[in-house]
Amino acid sequence: MPIIAFIYSIPSAADIVIGQSAPLSGLAADAGNDLAQGTRAYLAFINASGGIHGQTIKHIVKDDQYLPGATDINTGILIEQENALALVSYFGTANVSSLLQQNVLGKASIPLVGIYSGANSLREHGSPYLFHTRAGYSEEVDKIVTILKSLGVDELGALFQDDAFGKAGLDATKRSLLKQGLKLGPTESYEKNTDNVEEAAQTLAKANPPAILLISLTRPAANFIKLFRQHGGKSQLFCLSTVNHEELIRLNGAASVAGLGVSQVYPGLDASHIKVVKEYREVMKKFAPNARLSYASLEGFINAKVLVEGIKRAGNKPTRESVRRALDEMHDLDLGNFKIDFTDRQHRGSRFVELTMLNQQGQLTR
């Protein structure tokens, strides 16, 4: 079902407007649509349960194609024309950085809960209106580097997207390697919004460091893995959580990505003993039955769940500022065996990270 149809699947006589800008088309569409699907499903569940203090939610999603300028325009429309109470589940380091550079959130006093980015710059120099539900790239890279060090690997190369996202990931990698006494190997970049990684794959395959971290989105990662192996590259490959392993398998086949390490910043989708995952699966089955289950849709679900809790705590007549204050005071919120805590001044809600590996059947192992 096209994501744009989701706007109309939620009752139009809405009292609370929640806005979202995400890449529903273009190179990042696989994750962008999943992020919106999970967000929409939880908000539909809340509406079916009576809304928030009897008020209905209208979820408006706009496509930005992963372009910062489009995110700026979409956000302006959501704030000024749609009168959104809050924003949720945005996507991209450069996209959100653009909003912060213009102080869009601060000028409108509007909170944004959950962004598909782990950049330190959005945490250390963020905004009092920005709330993170995922761990940062620093935590992800630390997990990978710690494991490499335990295995006796002393060098890590990198492929990175040549933009704010890729540079944030590379900076986190350099910090982690320095902290743990490992060295940075060869690095290559590729242009944003392309999957043109031929030159990078050839160069890194020739260098063949013991391990390489892919600081990329799914489609460039898939193309790199294929070309890297074709050029004889033997390095152990790792990806950040920005890569969708199921889409990798669809693009490349399970056998070609076997042994790939992928860091994750949310619990496993099969972790039925974790209450929030069980709830996510039940809600998706009922309110988005044709949608695939993925880490990105789980992320959207969690973002929406946190925002709804903030709106509930803001009282019967929530305002943008009262919702921000409610979120700011959110301490040790248990979503169901997964906790969020925004009392950190940087609003780093979670530091959960685990490393998964893909086996020959395309299944994640831990």
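Looking at region 2-16, can you tell me whether even one residue there is modelled with pLDDT of 95 or more, under 30 Å from S216 (Cβ atoms) and in the same structural domain as A291 (by TED's automatic domain parsing)?
The answer is no, given that none of the residues of region 2-16 is modelled with pLDDT of 95 or more, under 30 Å from S216 (Cβ atoms) and in the same structural domain as A291 (by TED's automatic domain parsing).
In this structure, does S350 turn out to be assigned to a loop (DSSP other than H, G, I, E, B) and closer than 25 Å to L130 by Cβ? Outline the logic, then answer.
Working: assigned to a loop (DSSP other than H, G, I, E, B): yes; closer than 25 Å to L130 by Cβ: yes.
Yes: the conditions hold for S350.
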(request) Starting from residues that are small (G, A, S) and more than 23 Å from D163 (Cα to Cα), keep the ones in region 47-75 and report whichever is surrounded by the most Cβ atoms within 10 Å (Cβ to Cβ). (result) G51
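Of everything in region 67-98, what is among the hydroxyl-bearing types (S, T, Y) and closer than 20 Å to T39 by Cβ? Give them in sequence order.
Applying the first criterion (among the hydroxyl-bearing types (S, T, Y)) to region 67-98 yields 71, 75, 89-90, 93, 97-98.
If the condition is that a residue be among the hydroxyl-bearing types (S, T, Y) and closer than 20 Å to T39 by Cβ, then T71, T75, S89, Y90, T93 are the ones that fit.
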(request) Just give me the residues in region 325-343 being within 20 Å of the chain's Cα centre (by Cα) and part of a loop (DSSP other than H, G, I, E, B), in sequence order. (result) L335, G336, N337, F338, D341, F342
(message) Tell me the residue from F342, F338 that is more than 25 Å from L78 (Cα to Cα) and either among the hydroxyl-bearing types (S, T, Y) or modelled with pLDDT of 95 or more (or both), please.
(response) F338
(request) Report whether or not I274 is within 30 Å of E246 (Cβ to Cβ), of a type in the set (V, I, T) and either within 21 Å of the chain's Cα centre (by Cα) or surrounded by 14 or more Cβ atoms within 10 Å (Cβ to Cβ) (or both). (result) yes
(message) Scan region 303-313 and tell me whether some residue there is assigned to a loop (DSSP other than H, G, I, E, B), over 28 Å from D30 (Cβ atoms), of a type in the set (K, R) and in the same structural domain as A108 (by TED's automatic domain parsing).
(response) no
(message) Please verify whether A36 is in the same structural domain as V88 (by TED's automatic domain parsing), at pLDDT 95 or above and farther than 11 Å from S89 by Cα, treating the condition exactly as stated.
(response) no
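I need a count of the residues in region 289-305 that are touching a residue at least 24 places away in the same chain (Cβ under 8 Å) and surrounded by fewer than 24 Cβ atoms within 10 Å (Cβ to Cβ).
We begin by selecting, within region 289-305, every residue touching a residue at least 24 places away in the same chain (Cβ under 8 Å); these are 290-305.
Subset that is surrounded by fewer than 24 Cβ atoms within 10 Å (Cβ to Cβ): 290-294.
Final tally of qualifying residues: 5.
For region 126-153, how many residues meet the condition of being in a loop (DSSP other than H, G, I, E, B) and in contact with a helix residue (DSSP H, G or I) (Cβ under 8 Å, 6 or more places away or on another chain)? First the steps, then the outcome.
Going through region 126-153, the residues in a loop (DSSP other than H, G, I, E, B) turn out to be 126-129, 133-136, 151-153.
From what's left, in contact with a helix residue (DSSP H, G or I) (Cβ under 8 Å, 6 or more places away or on another chain): 126-129, 133-134, 136.
Qualifying residue count for the region: 7.
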(request) Kindly indicate whether any position in region 194-203 is over 20 Å from D30 (Cα atoms) and free of Cβ contacts under 8 Å to residues at least 12 places away in the same chain. (result) yes
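The values are calculated or read from the model by the stated rules, or taken from the named source; none is laboratory data. Just so we're clear, the structure is a prediction, and the values are computed from it rather than from any experiment. All Cβ positions, glycine included, derive from the backbone under ideal geometry; neighbour counts span all protein chains shown.
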